[in-house]
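To start, the structure itself, in structure tokens.
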Amino acid sequence: MPRSLDAATQQALAARLRFYRDLGLTEFYRRPFDPAQFDHLPESQPEEPVSLSSLSLGANDARLDSGLDAGLAAALAAEPEQGTAAPQILQETNAIPPAIQRRPTISAPPLVSNLVAPAEREAALRVIREDIGDCTRCALHKGRNKIVFADGSANARLMFVGEGPGADEDAQGLPFVGRAGQLLNNMIAAMGLKREEVYIANVVKCRPPGNRTPEPEEANTCSPFLFRQIDVVRPEVLVALGATAATYLLGQRQPLAGLRGRVHSLRGSRLIVTYHPAYLLRDPRQKKEAWADLQIAMKELGLKAPGKV
Ligand code: URA
């Protein structure tokens, strides 16, 4: 920001940048601005209230007996059974993933204006899956067994976004079903929710070889489908699991530390950033921090931890 701008102008510019980013325009600074992009956007149209009568809050078997910290300990300390190795998220980081550092191309399509009616969301998601088809758009298709589209409710109030499938997910075609997925299940239960009530997807839908971080061209090729999924589900709250998800969702290359602990706004949803469960498996001391992030999400959703009065 040039020094000559006064504080008020700087603030106004920063607010405008955030506004553009919320519209999905993360690359406008590198492309000629085309006002026609705004033609299809709503004029401060009131959003249709999302009816989620199916969400049975508090009906959680893993009811926790005494308060949030005990809840965290009980729900997150249960280590997933040994299985296939969790993805290699070794240091989560306060560092920007190396692949992203190399080529920082981050893009998001403009926000679609029309909300999809709750009854039509399943079908709308099926259309996105059909559009993906037997995808060969990026190199990741060469090593994959199954495309991992998503799991959960099309009418979820809460959506989790991870980085990309690991070996278990690649074998089963479902996100977060390996060890990291078991920990994510515990995190969801600690929030008083069932896995079927949330929606879970990844930045890339095919397993990167050796569970490496997706390359920017892979993430940018695949993430438009993720944005379409978000636009259909329109969760009230999105949780970005780890630096890769946070980077590609927010279009901001920032260390995780600078993104956690606050509520961002993204495509009509509120976004919370937290650690990736695979990282938490490697450094369980950070579970407390992750729980603090999930509590922000719960507050946004008006949820209380089970067992907490
Ligand atoms: N890690 C991810 O980021 N996504 C999955 O689906 C599984 C592990």
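The values are calculated or read from the model by the stated rules, or taken from the named source; none is laboratory data. Note that the structure is a prediction, hence the values are computed from the model and not measured. Here the Cβ is made from the backbone with ideal geometry for all residues, glycine too, and neighbour counts use every protein chain on show. Protein only, heavy atoms only, side chains kept; ligands, DNA and RNA dropped before computing areas. Shrake-Rupley method; radii C 1.70, N 1.55, O 1.52, S 1.80 Å.
The set of residues in the range 226-241 being open to solvent by less than 10 Å² (accessible area, probe 1.4 Å) and part of a loop (DSSP other than H, G, I, E, B) consists of Pro235 alone. Pairs meeting the criteria (first residue in the range 235-257 and on the phi > 0 side of the Ramachandran plot, second residue within 13 Å of the ligand (Cβ to nearest atom) and in a helix (DSSP H, G or I), beta carbons under 8 Å, at least 6 apart or on different chains) are Gly242/Ala278; Gly242/Tyr279.
Restricting attention to the range 249-267, the residues that are out of contact with any Leu (no Cβ under 8 Å at 6 or more places or on another chain), charged (D, E, K, R) and buried (at least 16 other Cβ atoms within 10 Å of the Cβ) add up to 1. Within the range 232-278, take every residue that is among the charged types (D, E, K, R) and closer than 23 Å to Glu217 by Cα and give me the one that is nearest to the chain's Cα centre (by Cα). Here the residue is Arg267. Taken together, the residues in the range 168-225 that are more than 29 Å from Thr136 (Cα to Cα), assigned to a helix (DSSP H, G or I) and away from the ligand (no atom under 11 Å from the Cβ) amount to 9. With respect to Gly164, is the statement that it is touching a Pro at 6+ places or on another chain (Cβ under 8 Å) and either within 21 Å of Ser223 (Cα to Cα) or polar (S, T, N, Q) (or both) true? Taking the combined requirement at face value, the residue satisfies it. Of the residues screened, Arg157 is one that is in contact with a strand residue (DSSP E or B) (Cβ under 9 Å, 6 or more places away or on another chain), open to solvent by 30 Å² or more (accessible area, probe 1.4 Å) and of a type in the set (D, E, K, R).
Among residues of the range 131-154 being open to solvent by less than 40 Å² (accessible area, probe 1.4 Å) and in a helix (DSSP H, G or I), the one that is nearest to the ligand (Cβ to nearest atom) is Leu140.
Taking the criterion of being in the same structural domain as His276 (by TED's automatic domain parsing), more than 15 Å from Arg144 (Cβ to Cβ) and under 15 Å from the mean Cα position of the chain (by Cα), would at least one residue in the range 201-212 satisfy it?
yes
Restricting the range 164-212 to residues that are within 20 Å of Arg129 (Cα to Cα) and small (Gly, Ala, Ser) leaves a set whose member that is surrounded by the most Cβ atoms within 10 Å (Cβ to Cβ) is Gly166.
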